[in-house]
Amino acid sequence: MEQDPKVKAAVEELVIANHILYDQNAVDGYGHISVRNPNNPNTFFLARSVAPSVVKVEDIMEFDMNGKALNGDTRVAYGERFIHSGILKNRPDINSVIHGHAAPILPYGLTGTTLKPVYHMSSFLGEGVPIFEIRNFAKPNPDTDMFISNMDLGNALSQTMGLQYFVLMRGHGYAAGADSIKKAVFRAVYAIQNASIQSEAMKMGQVQYLTPGEASISQETIEKTIGRPWQLWSERVKKLQ
Ligand SMILES: [Zn+2]
């Protein structure tokens with residue numbers, strides 16, 4: 001691994017993010033987070049195939065935008081690294097991608113009920129989250145193992161995500177993206193909380209969602225403050241070690 005200070009800082013933050021995502025129930029034994037190389041927009045960092053809660057600096061690998069491991073690294077990589085290469089390749093505005101299977105968001109990928117922002121914390125969900133239907137892209141047979149296991153599926157997932165920051169994968173999970181690790185973690189955590197609140201509210205009656213105007217204005221305000229929960233979450237996981 002390069003010892004460049006920017007790379008070192010990004011990799012160290014990536015390790016903390018792995019632990020936070022587990023502690024905040026955004027991932028479990030499965031799930032992962034990547035970050036674009038701050039010195040080279042055409043490569044990214046992602047852990048080798050281990051559970052997020054145990055990721056260490058030495059587990060981080062570097063990949064190109066086709067999901068190929070670099071630096072002669074032959075360790076086993078996540079089979080779904082193409083989620084990261086697909087989104088990072090197609091979205092220059094996104095520098096960090098998270099993938100997980102958090103239970104509260106799953107029903108929204110299954111039912112056609114749109115995941116929409118119910119409060120200011122998740123205003124980045126905009127006018128509603130798109131759903132990736134793997135059957136539409138799997139070749140030659142629509143039946144698959146549901147995994148984003150090659151670059152064609154990674155590109156298709158990114159196209160379904162469009163210009164949004166969150167996408168659901170039917171019968172599988174979610175992918176979240178942002179321009180920084182901290183913001184990607186913030187978005188994954190609050191998208192999942194939004195799903196729990198929306199599901200509860202729908203049981204009670206008609207749900208009032210944020211209007212597109214409210215979503216856009218509150219996103220600008222709230223995302224200036226993401227350092228605050230990051231401090232809380234990172235101090236918590238450091239104490240747990
Ligand atoms: Zn997955």
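Which is the longest stretch in the chain that no exposed loop site breaks, taking sites as GluC sites (Glu not before Pro) with a DSSP loop state and at most 14 other Cβ atoms within 10 Å?
Working: sites that count: 2, 127.
Here the longest segment lacking exposed loop sites spans 3-126.
Which shape class applies to segment 153-241: rounded if a/c is under 1.5, otherwise prolate when a/b exceeds b/c and oblate if not, where a ≥ b ≥ c are the square roots of the Cα gyration tensor eigenvalues? Each step should come with its number before you reach the end.
Details: a/c = 1.44, a/b = 1.17, b/c = 1.23.
In terms of gyration-tensor shape, rounded.
Out of the chymotrypsin sites (Phe, Trp or Tyr not before Pro) in segment 18-64, which ones are loop residues according to DSSP with at most 14 other C-beta atoms within 10 Å?
Working: sites: 22, 30, 44, 45, 63; in loops: 30.
Hits after loop and neighbour filter: 30.
Would you please give the FRET efficiency between residue 202 and residue 49, computed as 1/(1 + (r/R0)^6) with r the Cβ-Cβ distance and R0 = 30 Å, to the nearest 0.05?
Details: r = 37 Å, r/R0 = 1.23.
FRET efficiency, residue 202 to residue 49: 0.25.
Once the whole set of protein chains is in place, how much accessible area is left on residue 56, using a 1.4 Å probe, in Å² to the nearest 10?
Here the residue's solvent-accessible area equals roughly 110 Å².
With runs of 4+ DSSP H residues as the only contributors, calculate the mean residue ellipticity of the chain at 222 nm using -39,500 (n - 2.57) per run, divided by the residue total and rounded to the nearest 500.
Working: 7 runs with 95 residues, N = 241.
The per-residue figure over the chain is -12500 deg cm²/dmol.
Please grab the % of Cα pairs in the chain that end up more than 31 Å from each other.
Working: 5408 of 28920 pairs.
That tail contains 19 percent of the Cα-Cα pairs.
The values are calculated or read from the model by the stated rules, or taken from the named source; none is laboratory data. Note that this is a predicted model, so its numbers are computed, not measured. Backbone-built Cβ (ideal geometry, glycine too); neighbour counts: all protein chains shown. All accessible areas refer to the heavy atoms of the entire protein, side chains included, with ligands and DNA or RNA removed. Shrake-Rupley method; radii C 1.70, N 1.55, O 1.52, S 1.80 Å.
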